[in-house]
1. Could you list, ordered by first residue, the pairs with Cβ atoms under 8 Å in which the first is in segment 44-69 and part of a helix (DSSP H, G or I) and the second is among the aromatic types (F, W, Y), at least 6 apart or interchain?
2. When segment 54-69 is examined, which residues are found to be buried (at least 17 other Cβ atoms within 10 Å of the Cβ) and either of a type in the set (S, T, Y) or within 15 Å of M1 (Cβ to Cβ) (or both)?
3. Does A37 satisfy the condition of being crowded, with 17+ Cβ neighbours inside 10 Å and in contact (Cβ under 8 Å) with a residue 24 or more places away in the chain?
4. Considering segment 70-93 alone, what residues qualify as being small (G, A, S) and either touching a residue at least 24 places away in the same chain (Cβ under 8 Å) or within 19 Å of R7 (Cβ to Cβ) (or both)?
5. In segment 19-34, is there at least one residue being among the acidic types (D, E) and touching a Gly at 6+ places or on another chain (Cβ under 7 Å)?
6. Among the residues of segment 5-23, write down those that are part of a helix (DSSP H, G or I) and either more than 12 Å from the chain's Cα centre (by Cα) or more than 18 Å from D57 (Cβ to Cβ) (or both).
7. In segment 29-76, what count of residues is obtained for those that are more than 16 Å from the chain's Cα centre (by Cα) and small (G, A, S)?
8. Would you check if R24 is within 23 Å of F73 (Cβ to Cβ) and out of contact with any Pro (no Cβ under 6 Å at 6 or more places or on another chain)?
Amino acid sequence: MIVGVIRAAREAAEDDEQVLPELRRLILETGAHRYDAAMREWAPLDPLVQEAVADADQLRADFMAQQFERAGFKPEAARDRATLAGAAWRGLQGMEEAEDRMRLIGLVGSSRAVSDD
């Protein structure tokens, strides 16, 4: 599911800066966030599902790091932000309103890189 949503977001975006907002829109429109929560609940009971969840998390992390690098962050800072976004995604699974969760996760990437820090 995540591969298809990322691909669709890249195709629909007019430029690199629109990829993440487009991804957010698609996740909310398709309800993809609900599948992720269900898979996470199932994962402790089935090693294959656990592996699929880990693979999806890695795909998300790689994608997010790439987007942050394109926004001007150095690789280490991009990876750190991607890790933080992933932690927020997992940690906010219980939030009832998907729009609120997506808004909070969006704060991680809301500022562009402006220094070497």
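1. V49/W42; R60/W89
2. Listed by number, the residues that qualify are A56, R60, F63.
3. So A37 does not fit the description; no.
4. Taking segment 70-93 as the starting set, the residues that turn out to be small (G, A, S) are 71-72, 77-78, 82, 85-88, 91.
Scanning segment 70-93 gives A71, G72, A77, A82, A85, G86.
5. no
6. Of everything in segment 5-23, those that are part of a helix (DSSP H, G or I) and either more than 12 Å from the chain's Cα centre (by Cα) or more than 18 Å from D57 (Cβ to Cβ) (or both) turn out to be R7, A8, R10, E11, A12, D16, E17, Q18, V19, P21, E22.
7. Taking segment 29-76 and keeping what is more than 16 Å from the chain's Cα centre (by Cα), we get 38, 41-51, 72-76.
Next cut, small (G, A, S) only: 38, 43, 72.
Residues that pass the stated criteria total 3.
8. When the stated conditions are applied, R24 passes them.
The values are calculated or read from the model by the stated rules, or taken from the named source; none is laboratory data. Everything quoted here is computed from the prediction, not taken from an experiment. With ideal geometry, Cβ positions are generated from the backbone for all residues, glycine too; neighbour counts draw on all protein chains shown.
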